[in-house]
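To keep things clear, I will list the structure first and then write my remarks on it.
The values are calculated or read from the model by the stated rules, or taken from the named source; none is laboratory data. In this text the structure is predicted, and so the values were computed from the model without any measurement. Heads up, the Cβs are rebuilt from the backbone with ideal geometry, glycines too, and the neighbour counts pull from every protein chain shown. The accessibility values were calculated without ligands, DNA or RNA, using every heavy atom of the protein model including side chains. Shrake-Rupley method; radii C 1.70, N 1.55, O 1.52, S 1.80 Å.
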Amino acid sequence: LRVALNRIRHSSYHAMKLSNRVAICTSVAVNVALAGFLCLRSSSPVVGTGIRAAAKSSNALASRGAAVMSLTKSQRASGMKNAAFNQPARFQALQQVGALAHKSGAKSIEDFRTLAQDVVCQLGKENGNQALLNACNVEWYGPDRPKWLPDAFLAGVPDYLTGEYPGDYGWDALGLSSDPETFANYREAELLHARWAMLGALGCIFPEILAKNYGVGLEEPVWFKAGALVLNDKSIDYLGSPQLVHASSIIAIAAAQVLLMGGAEAYRASGVAPNGEAFDKMHPGGDYFNPLKLGKDEADLAELKVKEIKNGRLAMFSMLGFYIQAATTGNGPLQNLVDHRADAANENIFKYVFTSPEPVL
């Protein structure tokens, strides 16, 4: 199911140069189709049962594991004897599994997880169960990575999309990245836009949450109206407090952005640290760009890169949705959500498909 979700999530929505109304209608049709496909893919009883069981048992397993680790050696030995006495068949089966795992070289939790994945994958190959076969395709790199469509629908992945880079799902219908230099430029541009979109999406929602849910006295919590305060001889007080940042000059705001944002970007784009060492321009890391020390080893870093680009792509689509909502409804994303939940039958996309409201921007 996770593979199916990622395939659906990264399907293309390209609506080229359509009018406002046609674009919204297209979006409705695509989302209905995707929702139907998701429901179809999630109808497997094996997958559904597995998800429900995992959701219910994950916390319980974690608490049990912590409780076992807190026991002394003698307490654990006593517990093992009781388990062997009360449930001998299950205890013997677990002993055999543990012995086989240790013979296979499993020592850490990650080793046991990998071994379990390999076993489930092999079982799927033997009996053809698709839910079990999904365990064979959980990597995010290389030729066996998930593709944007099932292999049966693909005419073939382009040769230059080898799965070397994070977020490569084998999709380039127009061949835009066939040139290696162009491909590198597009990857960098996408990643930078994704990072800005994640920050922007949070910045669009956070002021509304503070104003509506926590009573913070913001002059204007709606994201596309806040900047106009400075142009109308008003000031922007961060978090509603003039003691924090009291922005009243558009020239000062622009200068601060050029110095802070431009300086950080110039440092990143140079690819050279102050001590003269070169770093990856897309993932520079270090004390300045990775103060939390995330991605302590190559495996963790590779996984974080995939998570970053996936969440970034969602954020870019979110920002596009925020733009369309702002131009159509004149409200912020949180207010649109509140209105929809209060009256879903009327406050939805169809209200604006079949009417022609006055432009609000």
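A few remarks follow.
- Complete set of residues in region 246-291 that are in contact with an Asp or Glu (Cβ under 7 Å, 6 or more places away or on another chain) and modelled with pLDDT under 85: His246
- Enumeration of residues in region 266-283 that are assigned to a loop (DSSP other than H, G, I, E, B), within 16 Å of Ala189 (Cα to Cα) and free of Cβ contacts under 8 Å to residues at least 60 places away in the same chain: Gly271, Asp280, His283
- Criterion applied to Gly227, Gly203 was being open to solvent by less than 80 Å² (accessible area, probe 1.4 Å), modelled with pLDDT under 90 and under 22 Å from Ala315 (Cα atoms), and the one residue passing it is Gly227.
- Residues of region 206-215 satisfying the condition of being open to solvent by 40 Å² or more (accessible area, probe 1.4 Å) and of a type outside the set (Ser, Thr, Tyr): Phe206, Ile209, Lys212, Asn213, Gly215
- If you filter region 282-312 down to residues that are charged (D, E, K, R) and open to solvent by less than 80 Å² (accessible area, probe 1.4 Å), you find that the one that is farthest from the chain's Cα centre (by Cα) is Asp297.
- Contacts under 7 angstrom Cβ, first residue in region 337-348 being under 17 Å from Ile324 (Cα atoms), partner open to solvent by less than 50 Å² (accessible area, probe 1.4 Å), 6 or more apart: His340/Asn348; Glu347/Asp339
- Looking only at region 100-120, and only at residues there that are more than 21 Å from Glu139 (Cα to Cα) and open to solvent by less than 80 Å² (accessible area, probe 1.4 Å), the one that is modelled with the highest pLDDT: Gly105
Residues are listed down the side, and each one gets a yes or a no for (1) loosely packed, with under 14 Cβ neighbours inside 10 Å; (2) not in a loop (DSSP other than H, G, I, E, B):
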residue: Glu164; (1), (2): yes, no
residue: Asp168; (1), (2): no, no
residue: Trp171; (1), (2): no, no
residue: Leu174; (1), (2): yes, no
residue: Ala189; (1), (2): yes, yes
residue: Trp196; (1), (2): no, yes
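- Taken over region 324-340, the criterion of being part of a helix (DSSP H, G or I) and open to solvent by less than 20 Å² (accessible area, probe 1.4 Å) is satisfied by Ala326, Pro333.
- Tallying residues that are surrounded by fewer than 16 Cβ atoms within 10 Å (Cβ to Cβ) and modelled with pLDDT of 75 or more within region 121-133 yields 6.
- No other residue among Arg187, Arg195 is touching a Phe, Trp or Tyr at 6+ places or on another chain (Cβ under 8 Å), closer than 26 Å to Ser318 by Cα and modelled with pLDDT of 80 or more apart from Arg187.
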